[in-house]
Amino acid sequence: MIMEEIIQQIVNGVSLGSIYALIALGYTMVYGIIKLINFAHGDIYMIGAYVGFALTTFLKLGFFPALILSMVICAILGVIIEKVAYKPIRNSTRIAALITAISVSLFLEYGMMYFFKPDTRTFPSLLPDKQIKIFNTDAVLDIKNVYIIVVTISLMLLLQYVIHRTKVGKAMRAVSLDRDAAQLMGIDINKTISNTFAIGSALAGAAGVLVGTYYNSINPLMGVVPGLKAFVAAVIGGIGIIPGAVFGGFFLGITETTISSLGGSLYKDAVAFAILILVLLLKPNGFLGKDVKEKV
Amino acid sequence: MDMLVVNNLYKSFGGVKAVSDINMTIDEGEIVGIIGPNGAGKTTFFNLLTGIYNPSSGDIVYKLKEEVSAKSFKPFKMTKYGVARTFQNIRLFKDMTVLENVLIGYHNNFKYGILSSIFHLSSYFKNEKKGNEEVTQLLKIFDLYDKKDTLSKNLPYGEQRKLEIARALASKPKLLLLDEPAAGMNANETKELTKLINWIRKEFDLTIILIEHDMSLVMDICEKLFVFDYGRLIAQGNPESIQKNPKVIKAYLGGE
Amino acid sequence: MKILNKKNILSILAILIVYAIVELLTHLGVIDSYIQLNLILIGINIILAVSLNLITGFTGQFSLGHAAFMSIGAYTSGIVTAKLGLPFIVGIIAAAVVASIAGIIIGIPTLRLRGDYLAIATLGFGEIVKIIAINNDYIGGAVGLNDIPQYTNWTWTYFLVVLTVFIIYNFIKSYHGRACIAIREDEIAAEAMGVNTTYYKILVFTIGAFFAGIAGALYANYFSFIKPDSFGFMKSVDILVIVVFGGLGSISGSIIGAIALSLISVFLQNIPELRMVIYAVILFLIMVYRPQGIMGNVELKLFNKKGGLNGYAGSK
């Protein structure tokens, strides 16, 4: 019985962690490149879910076409947001940049509410309702969990390839290390920033579609809490560090499901933030981050 | 009378030795220079002396306003011990006026509590009056009084350097650490600065350690020189002997 | 030098005249209960903004959790006045004290955190406070705390606003306040000049939380009903926006900002569906076109012509 419970919780934790990790990747990439906490990132995830909803409900697309199309649309949206909202404030103070990001977030949330009604929508069931028993125990693996985990891991591998093996990825790494030096080496900064937003937003869009199919319900404020949690995940792993976001996402997902299964579900959000504060105090640069000291 | 003794001081950053095996004694009233090529560990040494970095090993002993001996100091306590400094890359409070910058230097000489500050009791007025008078004196010495209400970021470069020294002096130090005070100054400004440093040293009864690349200034006012290279102290002595020291010549010109 | 100099007498007169005019207009019926509601809301926002400005504007410590201090104050006063049946003044003092203890607690992480990281830690702190309130049945849980006696009125609000502004303004004009500004400007240089940055950072969080607690007490005892959601992340953002809009490091800016943004939200109430969308656009435009706020870091000068942050020079 105990063993089954544990396996079940791990499956749930990894699924939830996948979602956090996908969103956290975008946070971390954007922070790495322009040092901005993109508060609107959680809302791109929400829009990804809505696009997925529209594509599957009205155009009757299947899971994979909807997933890919939704990623493309979110990528475009991410680039537009960067060009319209963040480019003008690139040289402003941190506080101005942060408030701008919050304003974009509010605009997306309440814009969606205004145009598409604040009600919760039912996401169509796209995946077969099949459950697999694990190792002849009573623990079940929902086919949806399999989809979430497999899609997430494939996207992460793809991202790893893009970042380390392609020109686009190398430019991104160069700009996040030293923007001025990268520029002197002939890297187009604006294009690289756009690419970063495109990739990060596409991942958030994917997370939106995955969550829509998993929970079958979406609403305009669905991005707020997961957005914050994903940010927490990115900080736990070490913001600006890509493997850190993945680690932080899974860590947070598994911790949360564990706490819920121990009867603390009411406090799971508080625990997430408490972990955040603890990590910031004990390891301010995250688990995978390096210590940097200001030069005097 | 020695006022600063440094024993076997080491500092490494992630395996790289920035400062190693420094032994040094500085007497009261001396004016000494620390020279050496870029990256020789001079500024790191200052940061160790002022508690910004903690030494990896070794000890620093001050015999100033009180005798303090510790492996590490808290930076904010240094002015209490009687040590004040300037920075290589000028760290003024940019959006504060010239007067306010120097008033921050005077910080530990203000003696009134939070309640007095909130309700502006008589100790507030007494202290602020005294502080303003003393700081005004300093500004006049440094020829900055006319610009006391100018934001420090709007001062020309040379005056920013001077303001940093005035700010440090406002803390009433016994030992003044100057990190490249003449950097970026032209020959005339440097000459004036040399005079000023000599003058304040006598007027305020100071011991001064300065890091400097401008040899004319160093040779002019320093009684003793310490030469750093690759984090080590390779030579010390009076300016004449240092100029002839083969190790020093090699460090500056490189190679055999 | 004298406390009753010309400038101070003029200030006191001006303060009393404004109060008397509002009282008079209320008795004449020109100020109805709706206008009074908004006056009180503006007052609460001024207290919140000025106290956050001390933390963020003057000392440079980025906080996204100011509403949590307000929440703690509101619940404390709610418990003291509703459950214990004690007078309002006890509620206000208890609110301020309990909130400032929370300020000390949240001040401690600031010793190690900077910039965005501090912002996120304070955000996390705010969320934790909210979740604890939601799960605590004694104070009504998610439903909220009801039947708090309505003690807050124009008089309480006005004089607490005056007290807040007076204390924080005086603090800033002292060497303690200058030390805080120095921390904002350059923490390492401030330390090298003898400023105990640890002490001052915790101190400003404590003072800031103290007044946010008072604002919470005024809020709770005006609306008679509080719930955890009223003091969430968005409320913290609202306060921060007032401070930035008015000008970081300008107390008069915070006052003007609180009035302006309260008025904007009054007008937006007529179009509830689009309210937040327009608010978002306004925020965005302010950040792009006037990121330093209305006042920058300059104070509005009514009576003293001599400028500068230095209080002594201004009060000769």
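Could you list all residues from segment B:103-118 that are within 7 Å of chain C (Cβ to nearest Cβ) and in a helix (DSSP H, G or I)?
Within segment B:103-118, B:Leu103, B:Ile104, B:Gly105, B:His107, B:Asn108, B:Ile114, B:Ser117, B:Ile118 qualify.
Suppose the filter is in contact with a Phe, Trp or Tyr (Cβ under 8 Å, 6 or more places away or on another chain), in a helix (DSSP H, G or I), within 14 Å of chain C (Cβ to nearest Cβ) and not hydrophobic (A, V, I, L, M, F, W, C); does A:Pro220 pass it?
No: the conditions fail for A:Pro220.
Whether any residue in segment C:71-91 is in a helix (DSSP H, G or I) and under 24 Å from C:Leu248 (Cβ atoms) is what I want to check.
Among the residues of segment C:71-91, at least one is in a helix (DSSP H, G or I) and under 24 Å from C:Leu248 (Cβ atoms), which makes the answer yes.
Condition check: within 24 Å of C:Leu123 (Cα to Cα) and either under 20 Å from the mean Cα position of the chain (by Cα) or of a type in the set (D, E, K, R) (or both). Does A:Ala206 satisfy that?
No: the conditions fail for A:Ala206.
Quick test for you: out of C:Tyr151, C:Tyr138, pick the one residue that is under 22 Å from the mean Cα position of the chain (by Cα), open to solvent by 20 Å² or more (accessible area, probe 1.4 Å) and assigned by TED's automatic domain parsing to the domain that holds C:Ser51.
Answer to the selection: C:Tyr151.
I want to confirm something. Restricting to segment B:1-25 and keeping residues that are closer than 20 Å to B:Gly237 by Cβ, of a type in the set (A, V, I, L, M) and without any contact (Cβ under 8 Å) to a residue 60 or more places away in the chain, which single residue is surrounded by the most Cβ atoms within 10 Å (Cβ to Cβ)?
Among those residues, the one meeting the criterion is B:Leu9.
Is it fair to say C:Val162 is in contact (Cβ under 8 Å) with a residue 40 or more places away in the chain and either within 11 Å of chain A (Cβ to nearest Cβ) or of a type in the set (Phe, Trp, Tyr) (or both)?
Judged against the criteria, C:Val162 is not a match.
Examine segment A:80-103 for a residue that is in a helix (DSSP H, G or I), among the hydroxyl-bearing types (Ser, Thr, Tyr) and open to solvent by 70 Å² or more (accessible area, probe 1.4 Å), and state whether such a residue exists.
Looking through segment A:80-103, none of the residues is in a helix (DSSP H, G or I), among the hydroxyl-bearing types (Ser, Thr, Tyr) and open to solvent by 70 Å² or more (accessible area, probe 1.4 Å).
If I ask for residues that are closer than 18 Å to B:Glu212 by Cβ and either over 20 Å from the mean Cα position of the chain (by Cα) or open to solvent by 50 Å² or more (accessible area, probe 1.4 Å) (or both), which ones from segment B:227-238 would you list?
Across segment B:227-238, the qualifying residues are B:Asp229, B:Ile234, B:Ala235, B:Gln236, B:Gly237, B:Asn238.
Give the number of residues within segment C:173-212 that are facing chain B (nearest Cβ under 9 Å) and part of a helix (DSSP H, G or I).
19
Which one of these is assigned by TED's automatic domain parsing to the domain that holds C:Trp154 and buried (at least 21 other Cβ atoms within 10 Å of the Cβ): C:Val266, C:Val241?
That would be C:Val241, the only listed residue that is assigned by TED's automatic domain parsing to the domain that holds C:Trp154 and buried (at least 21 other Cβ atoms within 10 Å of the Cβ).
Restricting attention to segment A:278-290, which residues are within 14 Å of chain C (Cβ to nearest Cβ) and surrounded by fewer than 21 Cβ atoms within 10 Å (Cβ to Cβ)?
Across segment A:278-290, the qualifying residues are A:Leu278, A:Leu281, A:Leu282, A:Lys283, A:Pro284, A:Asn285, A:Gly289.
Please list, ordered by first then second residue, the pairs with beta carbon atoms under 8 Å, 6 or more apart or interchain, first in segment A:220-240 and farther than 10 Å from A:Thr28 by Cα and open to solvent by less than 20 Å² (accessible area, probe 1.4 Å), second modelled with pLDDT under 90 and outside any helix (DSSP H, G or I).
What qualifies is A:Pro220/A:Pro118; A:Ile236/A:Gly286; A:Ile236/A:Phe287.
Of everything in segment B:156-173, what is surrounded by fewer than 20 Cβ atoms within 10 Å (Cβ to Cβ) and away from every other protein chain (no Cβ under 13 Å)? Give them in sequence order.
Residues satisfying the conditions are B:Pro156, B:Tyr157, B:Gly158, B:Glu159.
The values are calculated or read from the model by the stated rules, or taken from the named source; none is laboratory data. Since the structure is predicted, the reported quantities are computational estimates derived from the model, not experimental observations. Reconstructed Cβ throughout: ideal geometry from the backbone, glycine too, with neighbour counts over all protein chains shown. Just the protein is used for accessible areas: all its heavy atoms, side chains included, with ligands, DNA and RNA removed. Shrake-Rupley method; radii C 1.70, N 1.55, O 1.52, S 1.80 Å.
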